[in-house]
Amino acid sequence: MSTPGSVLQVGSLKPSLAQTLADDYAARTLPDDPAERESFLTEHGTEVTAVVTSGSTGVDAKLMAALPNLGAVINFGVGYDTTDVDEAAARGVSVSNTPDVLTDCVADTAVGLMIDTLRQFPAADRYVRAGRWRSEGSYPLTRQVSNTRVGIIGLGRIGSAIALRLSAFGCSISYHNRHEVPDSPYTYASSPVALASSVDVLVVAAAGGDGTRGLVSAEVIAALGAEGYLINIARGSVVDQEALVSALVDGRLAGAGLDVFADEPQVPEELLRLDNVVLLPHVASGTVQTRAAMEELTLRNLDAFLATGELVTPVAT
Ligand code: 8YV
């Protein structure tokens, strides 16, 4: 199917996917250690035609330069912000991701995280476990979810799936996007600040990368205000994390539900103490069913590239 060494695994992958790559494609794995990596690339760099990676690692310009015969970067995950797509385009390297198959799970996570955050279910669970219900009585009242005003940053596949779910909760939905979406049933806001100032909950569903870095700025967080909540299932880079933490610590924001962070797996220490913050370890797509579908689509992209030079789900570069 592929000549030994033509497929390279970059970064850690789902174990069953890594096993298939090794067994069925005779794939090699790029060493983590810088010195070992250097000699590996000197010895094998020219053999590699396809890289399989994930959003947590990706392929930067330096690695592309060390793989002169690279034709495709096949990304396990919908987000590919760790791969230098401009460099890929300049070198004629195609890039694929795994869209659609994870939309439902990520949208489910956004809604679950929103409910957990507004209703403080994780903190209430800790309250029961600590015996505080018996000793202190009822848990404090929290914020209603149904009928809230929700603003979504990024009305793509995942943002739209979140909007659909929250519409069933009676939420009014508005959004900000690079471009207004034609015929959308939701209200368009021309800037993140305008959106934040008109909603109770801001949900971040925009792709990561340079185009969206810090889009949810200190100003946007201030516009959301002391009664507002932020939910992020996209990328930590989209939010000014320092501004977010200080707003939460100072009570200038009501709460946050975060599945993603600026420097994963590092989570700001200050957040660990706050009951109005729900923290998840980047699990939005993390179900058996969805990860299996992502694995299958990753391998379909690899097979198609090796057989025809084309990808099944190429990203626009
Ligand atoms: C991760 C994700 O990719 O698809 C994405 O963009 O963030 C996740 O599904 C997955 O954890 C593999 O890194």
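The values are calculated or read from the model by the stated rules, or taken from the named source; none is laboratory data. This structure is a prediction, so every number in the text was calculated from the model and none was measured. Using ideal geometry, Cβ is built from the backbone for each residue, glycine included, and neighbour counts are taken over all protein chains shown. The area values use the complete protein model at the heavy-atom level, side chains included, leaving out ligands, DNA and RNA. Shrake-Rupley method; radii C 1.70, N 1.55, O 1.52, S 1.80 Å.
Could you tell me the relative contact order of region 103-279? Use alpha-carbon pairs under 8 Å, at least six residues apart, and round to a whole percent.
For region 103-279, the relative contact order is 22 percent.
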Considering only DSSP states other than H, G, I, E and B, which trypsin sites (Lys or Arg not before Pro) in region 113-221 qualify as loop sites with at most 16 other Cβ atoms within 10 Å? ARG143, ARG178, ARG213
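Rounded to the nearest 500, what is the chain's calculated 222 nm mean residue ellipticity when only DSSP H runs of at least 4 contribute -39500 (n - 2.57) each, over all residues? Don't jump to the answer; show the numbers that get you there.
On the way: 12 runs with 118 residues, N = 317.
That comes out to -11000 deg cm²/dmol.
In the neighborhood of GLU87, defined by Cβ-to-Cβ distances under 12 Å, what is the net charge if each Lys or Arg adds +1 and each Asp or Glu adds -1?
-1
For region 203-302, what relative contact order do you get, as a whole percent, if you take Cα pairs closer than 8 Å and at least 6 residues apart?
For region 203-302, the relative contact order is 24 percent.
How about region 212-317: which GluC sites (Glu not before Pro) there lie in a loop by DSSP and see at most 16 other Cβ atoms within 10 Å? Write down the numbers at each step before the final one.
Working: sites: GLU219, GLU227, GLU242, GLU269, GLU270, GLU295, GLU296, GLU310; in loops: GLU227, GLU310.
Sites meeting the loop and neighbour criteria: GLU227, GLU310.
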Which percent of the accessible area of region 103-279 is formed by carbon and sulfur heavy atoms (probe 1.4 angstrom)? 50
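Leaving ligands and nucleic acids out of the surface, order ASP81, ASP259 by accessible area at 1.4 Å, largest first.
Working: ASP81 60, ASP259 0 Å².
Heavy-atom accessible area, descending, gives ASP81, ASP259.
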Let me check something: with ligands and nucleic acids excluded, how do THR46, THR57 order by accessible area (1.4 Å probe), largest to smallest? THR46, THR57
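Could you tell me what percent of the DSSP beta bridges with both partners in the chain are antiparallel, to the nearest 5? Spell out each step's value before the answer.
On the way: 2 of 38 bridges.
In the chain, DSSP labels about 5 percent of beta bridges as antiparallel.
Sequence gap at least 6, Cα distance under 8 Å: using those rules, report the relative contact order of the chain to the nearest whole percent. Before the final figure, lay out each step's value.
Numbers: 600 pairs, mean separation 51.6, N = 317.
Normalised by residue count, the contact order of the chain is 16 percent.
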Leaving out ligands and nucleic acids, note down the accessible area per residue over region 103-279 with a 1.4 angstrom probe, in whole Å². 48
Quick one: helix 15-25 against the long Cα principal axis of the chain, what's the angle to the nearest 10°, folded into 0 to 90? 20
Under 14 Å from the 7 Å Cα→Cβ point of ARG252, by amide nitrogen: which residues of region 208-229? 217-228
Between the modelled labels at LEU274 and GLU227 (7 Å from Cα along Cα→Cβ) the distance in nm is 1.9
Protein accessible area in region 1-66, 1.4 Å probe - carbon and sulfur %: 52
Go ahead and collect, in residue order, the members of region 1-33 whose backbone nitrogen is under 12 Å from a label point 7 Å along the Cα-Cβ direction of GLU43. 29, 31
Multiply the residue gap between ARG91 and HIS179 by 0.36 nm, knock off their C-alpha separation, and tell me the result in nm, one decimal place. 28.8 nm
With a ≥ b ≥ c taken as the square roots of the eigenvalues of the C-alpha gyration tensor of region 137-233, please select rounded if a/c is under 1.5 and otherwise prolate if a/b is larger than b/c or oblate if it is not? oblate
